[in-house]
Structure formats: C-alpha cells, structure tokens
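Notes to accompany the following structure.
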Amino acid sequence: MKNLKENNFLIPQYLLPHFRSNHAGETGAIYIYKGILAVSRDSEIRQFSSKHLTTESQHLKLIEEVLEKKNVSKLITLWKLAGFLTGFIPALLGKRFVYATIYHVESFVENHYQEQIDILSKKNSQIKLKKMITELMNDEISHKEESLINVSKLSFVHKIWGAIVTAGSKLAVGVSKKI
Ligand SMILES: [Fe+2]
Ligand SMILES: [Fe+2]
C-alpha cells in the first residue's frame, strides 16, 4: 500500500471513537503476528506473519498520522496483550488454526471499516479519510482471502474459535471506542 504522507488532516469529532478503536485494532493486529512469530517454527507461517506484520505496521503508522496522541486508547497495553494471545494460542494449535484466526479477525475488521465508509459516504467533505479507510479495508480483505485459501476448509472447531475471537474483537472495539 502506498504511503499517504499527505494525511495532514485531523479526524472529525464524530469519528474519534471509531479511530480510537482503529488504532487499538491495528496495534492488536501487529501483536497477533508477534504472538504467532513467538511460537511458530513453520517457515510458511513465519513468512505469512512477517509479511502481514509489515502491512499492519504501515496501517498503524497511517492512523497515527491523523489521530492525535491524546486520543489514543488508554488501554493500549491490554490491546497489545489481547492481540498477542490471539496469535500465540492458535500458533500452538497449528498452521490451519492460525489461518482460521486471521480469516475471522479480518472478516470482523472488514465490517468494522465498512461501517465507517458508510458513515463517511453520507458526508461529502471527508474524501481523503474515506479513501484512507478504503485502502486499509482492501488490505484486510486480501488478508482475509489469503487466509481462507490457506485454511481451505474451516472445521467446526475453527468456527467455535472464530466465534470467540469475533466476540473478543467486538468487545475490544466497544471498549476502545470509549476509553
Ligand atoms: Fe490492518
Ligand atoms: Fe490485516
């Protein structure tokens, strides 16, 4: 994804809670891959995780360019820990578990970003912001699709784990929108 250095604009008040959760989410995403890389010795998984870690770090950097430090979630350490465990646990259970986890996380993030695009579509003045979120979302969609191809078929256990991960992500977004 290209560098959007020209993003010298600030977030409108009505989108601040969303952006606080975006910042928390992208931070968590980086830690998911750190958690995977702390455990997995599988070269395919390590390559996948290192590549995604780079993209998620770029996402966080973009968000930090537009979100003032004072508006970042106060619980950032918790989001790092939650992200780390979301990578660490499936990495202990094997390759397909890792892909299943990323598939569920990215499906959730896709909806999360789509919601914001829908809000911005109603406003005509935030074209840059909408473009930025769309680019982030497109990356997450490609991560989701790549994971689904790699997992090939989601088992019942993958789906149960996926439901836990989705519920956790939902809770994290709800809390980080406030604090
Ligand atoms: Fe991301
Ligand atoms: Fe992603």
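Every number here is computed from the coordinates shown, using simple stated rules; none is lab data. Predicted model only: the values in this text are computed from it and were never measured. No Cβ is skipped: glycine too gets one built from the backbone with ideal geometry, and neighbour counts run over all protein chains shown.
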* To do: Would you mind ranking Tyr113, Tyr14, Tyr33 by Cβ crowding within 10 Å, fewest neighbours first?
  => Tyr14, Tyr113, Tyr33
* Asked: For segment 13-178, what is the Kirkwood estimate of the hydrodynamic radius, computed as the reciprocal of the mean inverse distance between distinct Cα atoms, to one decimal in Å?
  -> 15.9
* Ser57, Ser43, Ser49 arranged by Cβ crowding within 10 Å, fewest neighbours leading -> Ser43, Ser57, Ser49
* Structure fact -> Taking Arg96, Arg20 and counting other beta carbon atoms within 10 angstrom, the fewest-first order is Arg96, Arg20
* **For segment 57-130, with +1 on Lys and Arg beta carbons and -1 on Asp and Glu, the positive-most of Pro90, Leu62, Val105 along the dipole** => Leu62
* Do you know the relative contact order of the chain, to the nearest whole percent, from alpha carbon pairs under 8 angstrom that are 6+ apart? -> 31
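Which entries in Lys74/Lys159; Lys70/Lys177; Lys131/Lys170; Lys74/Lys122; Lys95/Lys153; Lys61/Lys130 show an alpha-carbon gap greater than 22 Å?
From Lys74/Lys159; Lys70/Lys177; Lys131/Lys170; Lys74/Lys122; Lys95/Lys153; Lys61/Lys130, over 22 Å: Lys74/Lys159; Lys131/Lys170; Lys74/Lys122.
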* Structure fact -> Applied in sequence order to segment 35-52, the curve 6.51 cos²θ - 1.76 cosθ + 1.60 (Karplus, θ = phi - 60°) yields integer Hz couplings, x standing for Gly and Pro, of x, 5, 5, 6, 10, 6, 10, 6, 5, 5, 5, 5, 5, 4, 5, 5, 5, 5
